[in-house]
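The values are calculated or read from the model by the stated rules, or taken from the named source; none is laboratory data. None of these values were measured; they are calculated from a predicted model. Every residue, glycine as well, gets a Cβ built from its backbone with ideal geometry; the counts of neighbours run over all protein chains shown. Calculation scope for accessible area: heavy atoms of the full protein, side chains included, ligands and nucleic acids excluded. Shrake-Rupley method; radii C 1.70, N 1.55, O 1.52, S 1.80 Å.
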Amino acid sequence: MKKRILVTGGAGFLGSHLCERLLNEGNEVISLDNYFTGSKENIVHLMDNPFFEVIRHDVTMPFFIEVDEIYNLACPASPVHYQYNAIKTIKTSVMGAINMLGLAKRVKAKILQASTSEVYGDPQVHPQTEEYWGHVNPIGIRSCYDEGKRCAESLFFSYHRQNNVRIKVMRIFNTYGPRMHPNDGRVISNFIVQALKDEDITIYGDGSQTRSFCYVDDLIDGMIKLMNTQDSFTGPVNVGNPNEFTIKQLAELVIKMTGSKSKLIYKPLPEDDPLQRQPDITLANKELNWQPSIELQTGLAKTIEYFKGIAFY
Ligand code: NAD
Ligand code: UDP
């Protein structure tokens with residue numbers, strides 16, 4: 001049955017892939033975005049579809065629409081961008097969640113929150129399970145994002161308990177792929193762009209910190225599967241690829257795959273940069289019947305092809 005679905009942050013990296021997938025599945029999709037880090041370029045190929053609508057709006061302001069489902073993705077995700085206006089980032093997470101939950105309550109829509117592995121902060125438990133409460137610096141430079149997302153999770157569960165809103169909370173771990181912005185500032189886009197330009201590859205710290213990278217197609221599969229679980233399943237649930245790499249290993253792999261002449265250079269590690277991160281995906285496996293299938297090399301090859309095809313030089 002055709003559903004009417006609202007995607008906030010629909011013109012962003014993940015949002016644009018989600019809109020595309022939902023349209024391909026035969027749904028009516030509305031993208032809501034203020035284009036802070038997203039771009040119409042990401043969704044222009046969908047605009048011929050009569051079942052796709054595009055709305056310029058800021059989630060910190062109330063919004064009214066009749067929909068069956070809401071995916072709440074609106075929020076800058078890269079540290080560079082979310083720290084650019086920390087107060088706005090908090091407003092986007094918190095007021096955005098309140099506005100979208102209020103809408104979900106009013107129209108009885110099911111609502112999914114794009115939460116993050118950042119709720120675990122610099123984790124003292126490894127790999128991270130959903131039971132772990134996290135280790136977040138509440139006043140550090142990452143706190144606008146981390147605490148904003150933690151408050152949003154709290155709001156989701158409060159609306160669920162108090163108003164029976166049907167919620168799904170997804171803790172997304174580092175995801176990459178085509179349509180990341182070349183100036184996004186996240187590690188994979190930075191390294192690929194630097195390698196393609198034969199510029200120095202900027203490793204922050206000594207490169208021994210780890211991340212586990214999930215390709216966007218796998219992530220979107222998990223997101224839609226989560227939305228389609230029974231109402232009794234709320235999450236939070238980790239979705240990410242457990243294959244863990246050091247940042248130095250990633251840099252070396254990108255240089256090898258691009259055949260670049262770039263050299264590695266070392267810059268100071270940003271404040272509160274988590275030392276390690278790896279999802280425990282046992283719960284996603286059990287409840288969503290989900291696991292990633294795309295290895296880093298395969299996903300990187302597709303992402304490198306994408307960056308070769310866009311003009312950022
Ligand atoms: P992105 O920056 O590409 O997309 C975010 C989108 O939200 C952009 O289109 C931006 O313009 C829009 N936006 C920002 N503030 C807004 C506001 N106030 N009102 C309306 N729109 C607004 O980032 P992404 O990687 O696609 O991330 C999407 C979501 O997933 C975010 O909520 C992010 O926190 C979450 N997430 C992403 C990752 C990842 O690795 N990509 C990891 C964890 C969580
Ligand atoms: N990083 C890096 N060089 C860059 C960009 C990022 O070494 O040009 C490091 C960063 O310090 C962090 C890791 O790569 O340890 C992942 O950073 P990203 O901003 O992609 O995501 P997050 O820190 O939110 O996981």
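Which of the listed residues, Q276, C19, F64, is farthest toward the dipole's positive end in the chain, when Lys, Arg count +1 and Asp, Glu count -1 at the beta-carbon?
Projecting each Cα onto the dipole axis, the largest value belongs to F64.
Using amide H atoms built in the peptide plane, which far-off residues or other-chain residues are under 5 Å from Y204 H to H?
Here the answer is K267, since their amide H atoms fall under 5 Å of that of Y204.
Would you mind working out the accessible area per residue for region 224-283, using a 1.4 Å probe, and quoting it in Å²?
50
Just want to confirm a number: the relative contact order over the chain, from Cα pairs under 8 angstrom separated by 6+ residues, in percent.
17
For I65, what is the net charge nearby, where nearby means another residue's Cβ is under 12 Å from its Cβ and Lys, Arg count +1, Asp, Glu -1?
Summing Lys and Arg as +1 and Asp and Glu as -1 gives -3.
Figure the gain on full extension for V125 and K286 (residue separation times 0.36 nm, minus the Cα-Cα span) and round it to one decimal in nm.
Extra length from V125 to K286 when fully extended: 55.9 nm.
Quick one: with all protein chains in place, what share of the accessible area of the chain is carbon or sulfur, to the nearest percent (1.4 Å probe)?
Summing carbon and sulfur atoms, their accessible area is 51 percent of the total for the chain.
Please report the antiparallel percentage of the DSSP beta bridges confined to the chain, to the nearest 5.
10
Could you tell me whether region 32-83 comes out rounded, prolate or oblate from its Cα gyration tensor? Rule is a ≥ b ≥ c as square roots of the eigenvalues, rounded for a/c under 1.5, then prolate if a/b exceeds b/c, otherwise oblate.
Cα axes put region 32-83 in the oblate bin.
Taking only protein heavy atoms into account and a 1.4 Å probe, give the accessible area per residue of region 61-199 in Å².
41
Using label points projected 7 Å from each Cα along Cα→Cβ, tell me how many nm separate R161 and T234, to one decimal.
It is 0.8 nm.
So what does K40 come to for accessible area, using a 1.4 Å probe and Å² rounded to 10?
100
Looking at the square roots a ≥ b ≥ c of the eigenvalues of the Cα gyration tensor of region 1-112, which shape do they give, rounded for a/c under 1.5, prolate if a/b is larger than b/c, or oblate?
oblate
For labels at Y266 and F245 in the simple 7 Å Cα→Cβ model, what's the distance in nm?
Placing both labels 7 Å beyond Cα along the Cβ direction yields 2.1 nm.
Based on the Cβ-Cβ distance from L253 to R21, what FRET efficiency comes out when R0 is 25 Å, to the nearest 0.05?
It comes out at approximately 0.35.
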